[in-house]
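Here the structure is laid out as structure tokens; the discussion comes afterwards.
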Amino acid sequence: MEVSRDLWISAYSKEVEGNNGGSHRLKLKGIQEFFLIDFDPAPLRGKKITKAQLHVHLASPEAPLRRTTVSTISQDWVEGAGSSYAKTPGASSFVWAKTGELRWGNNEPDITSVVCGEGGSLWGFGEASAPDAEGWQVIPIAPEVAQARLEGWSHGFYVIDDIGSEYTRDGNAVKFTNFVNRYVSSREDKRIHKPYFTLWLEDGAVEAPKVVNQVNPVAAATLPPVPAISAVKPTLPSKDIFGRELASTHFFAAKGETIGFSVAGKALIKAPDLGVKLYSMPKVAGLTDPLVPGDGDETFIDLHVPKNTPAGDLKGTITVNGTAMPFTITVWNFTLPDRLSFLPQMNAYGLPGHARDYYRLAHEHRVVLNQLPYGWTGKVDEPAPKLGGDGKWDWTKFDAEFGPLLDGSAFADLPRGAVPVDAYYLLLNENWPMKHDEHFKGGYWIESAFDEAYWTQFRAMAAEIAKHLEAKGWTEPMFEFYLNNKV
């Protein structure tokens, strides 16, 4: 199948509106530059694709294609005739489906909203063949990705270089090449180098779904009108949590919610129906961090609405240096759940010695503290499970330290109660308990770079962790295997 249109685009900040539809080359460069390509599906309607390939002629012999992703495109695009990243009105670019006229997706920032799983798109990846004697390479395309073009819900193919940066290794010497430029000929090049598709076809359409769900319109929900409430100007210098001047002292909160703001000076609070915590606000390098319980020139105020509070208005007073500022909290008639439905994870690479205090602070403020328990070398933090001479793992010290986080007992006296941490990084990593320098046998991809003993240890430890967590009943948290290391 001949190529009917092709286009090279760029995500580089100075090139995002550039169109290279008239260039005689197409370019791939990691997550920075890509190309779109297509064929006319009309003659093949009703056929089933069992195999698909894209054939390209390499224009950069020193930088061949390697592992490559090919995705459907969920929105139509315009090839254009630009070159040298020219901004071309009406033609497609990284940030425009039609430059100056139409954005990608539902007015989204760029083309990533309609490819690689977004916007209903499909994708697949594979190894490009090595260049043949004439410089041709073959890029595999997942059959379902190609089939989507025949069925009319894809508008071509989006091609990405999965490798990006490369390294070569000679003993302990490593040479790193950042974002390799890979070029192939476009359909504007001379005829003998033009790209083309090869498709393997069968008669008959792809099997249709056995059940078609009918979509019926649903009436929009109606909500009672929100009463107009005039802002009540603060009578004390005060700021919201973002450091802006507080607009009003009439607040709103759900049952179980905590609200916060600051006032200038040492504050006294009268609010018998609320939980109250006061923090001083010392400056560290010009920033208010951290908040410390105690007195200071500026006070941050936490007001917590207990879960058993009736809906309605609660009153209170803040007094600073004899000046009183009344406030009102309107409590809505619903309660925040103890378990989070959205997980704002606060990633950390280390905590001071009193780590549990930080976990409690996060729990109280409905965020998820998650500390990675190992460093760049893969050495895990203590306490960690130990392998005994009998081949069994001893979890005693680990359980004593982290068990209260995983069963929730560390938080029993806090507003959300004994709800365990929502997410927790596993100790398991590329260098624990396996030692990668002992098992590395060479090769570019991790799946082939280590000997079988490495993977045997990995699988055994994964099973050991799962078995231990199940036995302890620690099944509520989301345990995360976090690959933190990079080339």
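Every number here is computed from the coordinates shown, using simple stated rules; none is lab data. Source: prediction; values computed, not measured. Glycine gets a Cβ as well: all are built from the backbone with ideal geometry, and neighbour counts include every protein chain shown.
Tell me which of Gln75, Pro195, Ala91 sits at the most positive position along the dipole axis of the range 5-202, charges placed on C-beta atoms (Lys, Arg +1; Asp, Glu -1).
Most positive-ward Cα: Pro195.
Spin-label point model (7 Å from Cα, Cβ direction): what's the Glu382 to Asp289 distance in nm?
Distance between the two pseudo-spin positions: 3.0 nm.
Once R0 is set to 56 Å, what does the formula 1/(1 + (r/R0)^6) return for the Cβ-Cβ distance between Ile192 and Ala463, expressed as a FRET efficiency to the nearest 0.05?
Details: r = 55 Å, r/R0 = 0.99.
The formula returns an efficiency of 0.50 here.
Roughly how far apart, in whole Å, are the Cα centres of the range 88-117 and the range 1-70?
Centre-to-centre (Cα) distance: 16 Å.
Can you tell me the relative contact order of the range 5-202? Whole percent, Cα pairs under 8 Å, sequence separation 6 or more. Please report the intermediate quantities before stating the final value.
Working: 518 pairs, mean separation 68.9, N = 198.
35 percent.
Add +1 for every Lys or Arg and -1 for every Asp or Glu among the other residues with Cβ under 10 Å from the Cβ of Ile141, and state the total. Display every interim value, and only then the final one.
Working: positive: Lys51, Arg149; negative: Glu144.
Once positives and negatives cancel, what remains is +1.
Provide the descending list of Cα extents for the range 5-202 along its principal axes, expressed in whole angstroms.
Computed over the range 5-202, the largest-to-smallest principal extents equal 51, 43, 33 Å.
In nm, what is the difference between 0.36 nm times the number of residues separating Asn107 and Asp390 and their Cα-Cα distance?
Working: separation 283, 0.36 × 283 = 101.88 nm, distance 6.12 nm.
Separation in residues times 0.36 nm, less the Cα-Cα distance, equals 95.8 nm.
Students often forget the sequence filter, so: which lysines lie under 22 Å Cα-Cα from Lys277 once same-chain residues fewer than 8 apart are removed?
Lys239, Lys255, Lys266, Lys307, Lys315
What is the magnitude of the charge dipole of the range 345-480 about its Cα centre, with +1 placed on the Cβ of each Lys and Arg, -1 on the Cβ of each Asp and Glu, and no other charges, expressed in debye to the nearest 20?
Details: 13 positive and 21 negative charges, 31 e Å.
For the range 345-480, the charge dipole is close to 140 debye.
Quick one: P(r) of the chain from all Cα-Cα pairs, 20 Å bins, percents rounded to integers, in order of increasing distance.
17, 34, 38, 11, 0
For helix 452-472, report the angle its Cα long axis makes with the longest principal axis of the Cα atoms of the chain; keep it between 0 and 90° and round to the nearest 10°.
Roughly 30 degrees, rounded to the nearest 10.
Starting from the Cα of Arg45, step 7 Å toward the Cβ, then list every residue of the range 145-161 with an amide N under 19 Å from that point.
Backbone N within reach: 146-156.
What is the local net charge at Trp474, summed over the other residues whose Cβ is closer than 11 Å to its Cβ (Lys, Arg +1; Asp, Glu -1)? Mind showing how you got there, number by number?
On the way: positive: Lys472; negative: Asp399, Asp407, Glu470, Glu476.
Neighbourhood net charge equals -3.
What is the extension gain from Glu134 to Ala81, computed as 0.36 nm multiplied by their sequence separation minus the C-alpha to C-alpha distance, in nm to one decimal?
Using 0.36 nm per residue and subtracting the Cα-Cα distance, I get 16.3 nm.
If packing is taken as the mean number of other Cβ atoms within 10 Å per residue, what is the order of 340-352, 455-467, 154-166, 4-16, highest first?
Numbers: 340-352: 11.5, 455-467: 14.0, 154-166: 21.3, 4-16: 18.6.
The densest-packed peptide leads the list: 154-166, 4-16, 455-467, 340-352.
Roughly how many whole Å is it from the C-alpha centroid of the range 419-445 to that of the range 149-182?
What the calculation gives is 25 Å, centre to centre.
With bins 10 Å wide starting at 0, give me the P(r) of the range 238-335 over every alpha carbon pair, in whole percents.
16, 48, 29, 6, 0
With label points built 7 Å along Cα→Cβ from the Cα atoms of Phe242 and Val174, find their separation and express it in nm.
It is 4.2 nm.
Give me His354, His468 ranked fewest to most by other Cβ atoms within 10 Å of their Cβ, as a rough exposure proxy. Walk me through the intermediate numbers first.
Working: His354 8, His468 15.
By the 10 Å Cβ count, ascending: His354, His468.
In degrees between 0 and 90, to the nearest 10, how far off the longest principal axis of the chain does helix 355-364 point, with axes built from Cα atoms?
90
Counting Lys and Arg as +1 and Asp and Glu as -1, each charge on the Cβ, what is the dipole of the range 238-335 about the Cα centre in debye, to the nearest 20? Kindly include the intermediate steps, with their values, before the conclusion.
Numbers: 9 positive and 10 negative charges, 32 e Å.
Rounded to the nearest 20 debye, it is 160 debye.
Past 27 Å, Cα to Cα, is the threshold; run Lys27/Lys48; Lys397/Lys467; Lys29/Lys87; Lys175/Lys386; Lys29/Lys379 against it and keep the listed order. Could the numbers behind the result be given before it?
Details: Lys27/Lys48 30 Å; Lys397/Lys467 17 Å; Lys29/Lys87 20 Å; Lys175/Lys386 37 Å; Lys29/Lys379 34 Å.
Listed pairs above 27 Å: Lys27/Lys48; Lys175/Lys386; Lys29/Lys379.
Before anything else, pin down the relative contact order of the chain: Cα pairs under 8 Å, at least 6 apart, normalised by residue count, whole percent.
Details: 1004 pairs, mean separation 55.7, N = 487.
Normalised by residue count, the contact order of the chain is 11 percent.
Could you pull out every one of the aspartates and glutamates with an alpha carbon less than 12 Å from that of Lys98, ignoring same-chain neighbours closer than 8 positions?
Glu17, Asp76, Glu79, Asp110
Mind checking which lysines have their Cα closer than 18 Å to the Cα of Lys51? Skip sequence neighbours fewer than 8 apart in that chain.
none
So, counting K/R as plus one and D/E as minus one, what does the shell of residues with Cβ under 10 Å around Asp451 add up to?
Values: positive: Lys441; negative: Glu438, Glu452.
Summing Lys/Arg as +1 and Asp/Glu as -1 gives -1.
Take the eigenvalues of the Cα gyration tensor for the range 345-480, scale each by 5, and report the square roots as semi-axes in whole Å, largest first. All intermediate terms of the calculation are to be shown ahead of the outcome.
Details: eigenvalues 184, 56, 33 Å².
With the √(5λ) rule applied to the range 345-480, the semi-axes are 30, 17, 13 Å.
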